[in-house]
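Shown next, in structure tokens, is the structure this report addresses.
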Amino acid sequence: MIVVTGATGQLGRLVVRHLLELVPADQLAVVVRDRARATHPAEHGITVRTADHDIPESLIDAFQPGDRVLLVSGNQLGRRLAQHDAVIQAAKTADVALLAYTSILGGPATRFVIADDHQATEHAIEQSGLPFTFLRNGWYTENYTTQLPHVLARGTVIGTADGHSRLATATRDDYAAAAAAVLAGTGHENMTYELSGDRSWSLHEYAAELSRHAGENITYQQVSAVDYQRMLSAAGLPDAMLPVFVDTEDAIARGELATVTGDLSRLIDRPTTPLPAAIKTQLATAGQ
Ligand SMILES: NC(=O)c1ccc[n+]([C@@H]2O[C@H](COP(=O)([O-])OP(=O)(O)OC[C@H]3O[C@@H](n4cnc5c(N)ncnc54)[C@H](OP(=O)(O)O)[C@@H]3O)[C@@H](O)[C@H]2O)c1
């Protein structure tokens, strides 16, 4: 069986949709903590297993020998490393055939705070001795495009990085297609893929692209870390996360999310979704 964890999340849902195009539903299983939220997989005949990564005992029946498993990285800083360890241990006990993991672009070379858990998880997977695939995902294009309503209302894209800083983002759907290709394909054992968009763009270029689509003058505004945290706080982000966002901006300024390798387009066998197309989709979704 191909087994997808985090299958009720935004990325996991898309992985399942891509897998349904590649393999019969009776070869697929999802591991979710809330069965009621897994209606889409259940309706398609996909096996639904339940487990909470915070409760290692609940993972006992999550995997079976020979499964090809995708561990989608957790979304709770401070807790996700223990959650990942629990999944890795369960996968090891079950003797799965492949453990694929959604890591971070650059792996050990990245220096920002949220990369720490990814680096430690990669290490734990290597230590487990299981065949693995590291899907080192770059930044989601949606990290920017879902902010569009606020950006358009304000007329500015805001961050602490210099406007010439570059990112090579890709859409969640592109990363999901790559994960599905690895899970359903062959020859990915003990491979590491550095996944990112085919073309990088600067924050100034992003603002210019937005201006073209929205028909308004949108600019990029570099602000101080203090002002940035104040704005994020006013937008409702929790205090504990504010330094993490500033740290990520520093990583962007250092170019750590700008690496272009072509691994993603090679895995999905097509070009990655260009930034203008992602903006167009998001504007259409937002009813602009
Ligand atoms: N590269 C990037 O730009 C970027 C940006 C954001 C996040 N990420 C990483 O990529 C991951 C996937 O992104 P996403 O957008 O799909 O995130 P998401 O929508 O928040 O999905 C996270 C998934 O993890 C599951 N999960 C969380 N805690 C769990 C637990 N204790 N036991 C079992 N399942 C648990 C969630 O289950 P429920 O549905 O039950 O909540 C959900 O299915 C994130 O978790 C994060 O590590 C990357």
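In the range 92-237, taking the dipole from charged Cβ atoms about the Cα centre, the farthest positive-side position among SER196, ALA170, LEU237 is held by LEU237. Phi angles across the range 221-233 convert, under the Karplus curve 6.51 cos²θ - 1.76 cosθ + 1.60 with θ = phi - 60°, into 3J(HN,Hα) values of 10, 7, 10, 6, 4, 5, 5, 4, 5, 4, 5, 5, 5 Hz, Gly and Pro given as x.
Would you work out if the range 1-69 is rounded, prolate or oblate? Take a ≥ b ≥ c from the square roots of the eigenvalues of the alpha-carbon gyration tensor; rounded if a/c is under 1.5, else prolate when a/b is larger than b/c, oblate otherwise. Before the final figure, lay out the partial values.
Numbers: a/c = 1.82, a/b = 1.31, b/c = 1.39.
Here the range 1-69 falls in the oblate category.
For the range 33-48, 3J(HN,Hα) computed residue by residue from phi via the Karplus equation (6.51, -1.76, 1.60; θ = phi - 60°) reads 8, 10, 4, 5, 8, 9, 5, 4, x, 4, 4, 8, x, 7, 5, 10 Hz, glycine and proline entered as x.
Across the chain, the mean sequence separation of Cα contacts (distance under 8 Å, 6 or more residues apart), normalised by length, yields a relative contact order of 19 percent.
Full extension from HIS164 to SER224: what is 0.36 nm times the residue separation minus their Cα-Cα distance, to one decimal in nm? Let's see the in-between values first.
Details: separation 60, 0.36 × 60 = 21.60 nm, distance 1.59 nm.
Residue separation times 0.36 nm, minus the Cα-Cα distance, leaves 20.0 nm.
Distance from the Cα centroid of the range 213-277 to that of the range 33-50 is 33 Å (rounded to whole angstrom). Tell me whether the range 194-269 comes out rounded, prolate or oblate; compute the Cα gyration tensor, take square roots of the eigenvalues as a ≥ b ≥ c, and use a/c under 1.5 as the rounded threshold. Oblate, since a/c reaches 1.5 and b/c is not below a/b. Loop-located trypsin sites (Lys or Arg not before Pro) in the range 221-282 (DSSP state not H, G, I, E or B) with no more than 15 neighbouring Cβ atoms inside 10 Å: ARG254. Here the contact order of the range 16-139, divided by its residue count and restricted to Cα pairs under 8 Å and six or more residues apart, works out to 20 percent. Report note on the peptides 125-136, 96-107: ranked by the mean count of other C-beta atoms within 10 Å, highest first, their order is 96-107, 125-136. The length gained by stretching the chain between THR50 and GLU21 to full extension, at 0.36 nm per residue less their Cα-Cα distance, is 8.1 nm.
Laboratory data are not the source of any read-out in this text; all were calculated from the coordinates shown. Keep in mind it's a predicted model, so treat the numbers as computed, not measured. Reconstructed Cβ throughout: ideal geometry from the backbone, glycine too, with neighbour counts over all protein chains shown.
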